[in-house]
Amino acid sequence: MLAANAARHDRDGTFVTESYDALRDAGLLKTAVPVELGGDGASIRDLVALQREIAHHCGATALASSMHQHVTCFTAWRYRRGMPGAEATLRRVADEQIVLVSTGGGDFTHPAGEAVAVEGGYRVSGRKRFVSQSAVGTVMSTMFPFHDPVRGTRVLNMAVPLSAEGVSVADNWDVLGMRGTASDDVVLTDVFVPQDRVLADRPYGVIDPPLQVIASIAFSIISGAYLGVADAAYREALSVSARRATDPTVQRTIGLMRQRLQVAAWALDGAVSTIGDDPAPSYEGFLAVMAAKAEIARAGVEVCDLAMQVAGGGAFFTGSVIERCYRDIRAAAFHPLTPEATLLAAGKDALGVSPE
């Protein structure tokens, strides 16, 4: 089902609707919900493996659903600590299989927009970019800066229904790759957010402990999707190159691709082992996940480039698996931290320089 519709959605730039129907029918949208609340209790490692497998068939489906899976997984983390609102959200995911949406990659330490305090909560306005699966989302996990007169600028994490008055989805997702993710902009205009939907009040511009946990969970799962895209390009290259199996040039290229994927997979496996199934806030763990993501981004681009070379002219045609992977893998570089920013962060940490 996923592979059958992947090329059409990529060509048309439309959301992978049938894939989400299939995920919902299989119960995979609730897989990260704890067992006692009606889900499968999937671990971070389970979700990494799931998204990697989905990407073998459709990269856009894997990346888009990674956003839902990581928000659900972090909500389960909050539930285990008795934090408000977590259980109710997880029960809705289990019972209704609603889709959770995140703006964290676009917001990260410096979120767009503004929150203004009003009676009973806040009024928020702003434009959020790269909001994957916004076409089918129910609740958006997002952030807004709030200018506190005493404490200075803060970041408020909020849950905002996409159906709320003042929320609109812009139909502007027309990009190079991952075209089926419906990562449109979402515009919020004077949207009221009640106080009980404010999930955190954090410092601005800082990778603080809550963000360390969120990012460690999210980018482990997202990295699994990109690793799966590179796997798909390698598998297709291996298939079409079989007729030239005795050619030493082909042998070396296939060997290089296989090696790069193996090392990238080890990096991700090591990062997931570092943070564990129930991550504690840790900058070291955050850096481990960022290092793995950077390795996958670099290795993925190299593997997809090599796949196109070894497969020959057929891979250059629109609609080929390799051509789609070649474009899809480029999106990996746009998630924070970028590979170059990851090197800087690692260097600062090694030298004892503040990361702020």
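Things to note:
- The residue that is farthest from MET178 (Cα to Cα), counting only those in segment 1-27 that are crowded, with 20+ Cβ neighbours inside 10 Å and modelled with pLDDT of 95 or more, is LEU23.
- Residue within segment 49-56 that is farther than 23 Å from GLY276 by Cα, buried (at least 22 other Cβ atoms within 10 Å of the Cβ) and outside the structural domain of ALA280 (by TED's automatic domain parsing) present: yes
- Within segment 79-91, the residues that satisfy the criterion of being in contact (Cβ under 8 Å) with a residue 40 or more places away in the chain and under 27 Å from VAL187 (Cβ atoms) are GLY85, THR89.
- Among the residues making up segment 316-348, those that are crowded, with 22+ Cβ neighbours inside 10 Å and assigned to a helix (DSSP H, G or I) are VAL321, ILE322, GLU323, ARG324, CYS325, TYR326, ASP328, ILE329, ALA331, ALA332.
- Selection from segment 151-183 of residues that are among the charged types (D, E, K, R), in a loop (DSSP other than H, G, I, E, B) and under 27 Å from PRO210 (Cβ atoms): ARG151
- Test: residue in segment 90-99 that is under 15 Å from the mean Cα position of the chain (by Cα) and either buried (at least 24 other Cβ atoms within 10 Å of the Cβ) or within 18 Å of MET143 (Cα to Cα) (or both): yes
- For segment 128-178, filtering for residues that are loosely packed, with under 14 Cβ neighbours inside 10 Å and closer than 14 Å to ASP107 by Cβ leaves 1.
- Any hit, segment 158-168, residues being of a type in the set (Asp, Glu) and farther than 30 Å from SER282 by Cβ: yes
- Checking ARG127 against (1) over 23 Å from VAL193 (Cα atoms); (2) assigned by TED's automatic domain parsing to the domain that holds VAL193, the condition it does not meet: (1)
The values are calculated or read from the model by the stated rules, or taken from the named source; none is laboratory data. Computed from a prediction, not measured in an experiment: that's the story for all the values here. Cβ atoms come from the backbone with ideal geometry, glycine included; neighbour counts cover every protein chain shown.
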